[in-house]
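Engineer: Here it is, the structure in full.
The values are calculated or read from the model by the stated rules, or taken from the named source; none is laboratory data. Predicted, not measured: the structure shown is a model, and the values here were computed from it. Every residue, glycine among them, receives a Cβ derived from its backbone with ideal geometry; neighbour counts consider all protein chains shown. Keep in mind that these areas ignore ligands, DNA and RNA; they rest on the heavy atoms of the full protein, side chains included. Shrake-Rupley method; radii C 1.70, N 1.55, O 1.52, S 1.80 Å.
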Amino acid sequence: MSRIQSRPRKASGGEIVRDESTFAQALASVHAAVLRPEVLIEEVPAPTRLAPSALALSGEVIPSRNADDEPIATGRFVLLHDPEEPEPWEGPWRVVTYAKAAVEPEVGHDPYVGRVGWSWLTDALDARDLQWGAEAGAVTCVLSESFGALSDREPTVEMEIRASWTPLDGRIDRHLQAWGDLLCTVAGLPPLPEGVVALPQRR
């Protein structure tokens, strides 16, 4: 897993906002989180208007574990913290994510693909024994077919799962791990065999 450097951010008025101790503790747990070795993550600029404190991570699934190879799935994990507990959140924390990957063409014609994609998320959270609430999201499949001079190209389907939820247990590292598990599921990777432990991956 990449080493994530905490960055002070600017509020809309331009002043520097320092991490509160609660958010700093959450960052420390994220630093220590271990994801599957196929998942490479790095910090990216976080949103500045959604919450007083925020962290954003970009993720890629690369089975070869070589950062120069093309990813088979991509996504983003954004952690927001607001001690005022905005009403829609139902708590001081909010996780906002997406995960997307190319899937088999027949998936695009499956009327239950949305339910399946959403179950991948809830299963990933359940598997980590997490508590969450105020969940929301959407599953989208985009089918691309080529015609004319491009008719020799095979149809492609891209699935995207956008989801947000409120962690109710304070175990932010495990929520990050659940998102990493979702990213691998969307990519079509099988679960790790029982007894196999993921090792940290640097980028």
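Engineer: Got a sec? What order do C141, C184 fall in by accessible area at 1.4 Å, biggest, i.e. largest, first?
Structural biologist: Descending order: C141, C184.
Engineer: Using heavy-atom solvent-accessible surface (probe 1.4 Å) with all chains present, what is the largest-first order of E85, E90, E160?
Structural biologist: Result, largest first: E90, E85, E160.
Engineer: Give the relative contact order (percent, whole number) for segment 50-114; include only Cα pairs under 8 Å separated by 6+ residues.
Structural biologist: The value is 29 percent.
Engineer: Return the FRET efficiency for the residue pair W118, E158: r is the Cβ-Cβ distance, R0 is 22 Å, and the value is rounded to the nearest 0.05.
Structural biologist: 0.85
Engineer: Tell me the accessible surface of F147 in square angstrom (1.4 angstrom probe, heavy atoms of protein chains only), to the nearest ten.
Structural biologist: Around 150 Å² of this residue is reachable by solvent.
Engineer: May I pose another question? How large, in percent, is the carbon and sulfur part of the accessible surface of segment 69-203 at a probe radius of 1.4 Å?
Structural biologist: That share works out to 50 percent.
Engineer: Can you give me the solvent accessible area of V142 with a 1.4 Å probe, rounded to the nearest 10 Å²?
Structural biologist: My reading of the accessible area for V142 is about 80 Å².
Engineer: Can you give the net charge of the other residues whose Cβ lies under 10 Å from the Cβ of L50, counting K and R as +1 and D and E as -1?
Structural biologist: Around L50, the surrounding residues sum to +1.
Engineer: Continuing with this model, one more query. Based on alpha-carbon positions alone, could you give the equivalent ellipsoid semi-axes of segment 63-177 from the gyration tensor, as √(5λ), descending, whole Å?
Structural biologist: Over the Cα atoms of segment 63-177, the ellipsoid semi-axes are 33, 16, 13 Å.
Engineer: So what's the convex hull volume per residue for the Cα atoms of segment 33-112, in Å³?
Structural biologist: Dividing the Cα hull volume of segment 33-112 by its residue count gives 146 Å³.
Engineer: Could I ask something else about it? If the chain between D69 and E90 were fully stretched, how many nm would it gain, using 0.36 nm times the residue separation less the Cα-Cα distance?
Structural biologist: Length gained, D69 through E90: 3.5 nm.
Engineer: A further question on this structure: How large is log10 of I(q)/I(0) for segment 38-79 at q = 0.33 Å⁻¹ when the intensity is taken from the Debye formula with one equal scatterer per alpha-carbon?
Structural biologist: Here log10 of I(q) over I(0) equals -1.09.
Engineer: Also, quick follow-up: Relative contact order of segment 64-203: what whole-number percent is it, with Cα pairs under 8 angstrom and at least 6 residues apart?
Structural biologist: Once divided by the residue count of segment 64-203, the mean separation gives 30 percent.
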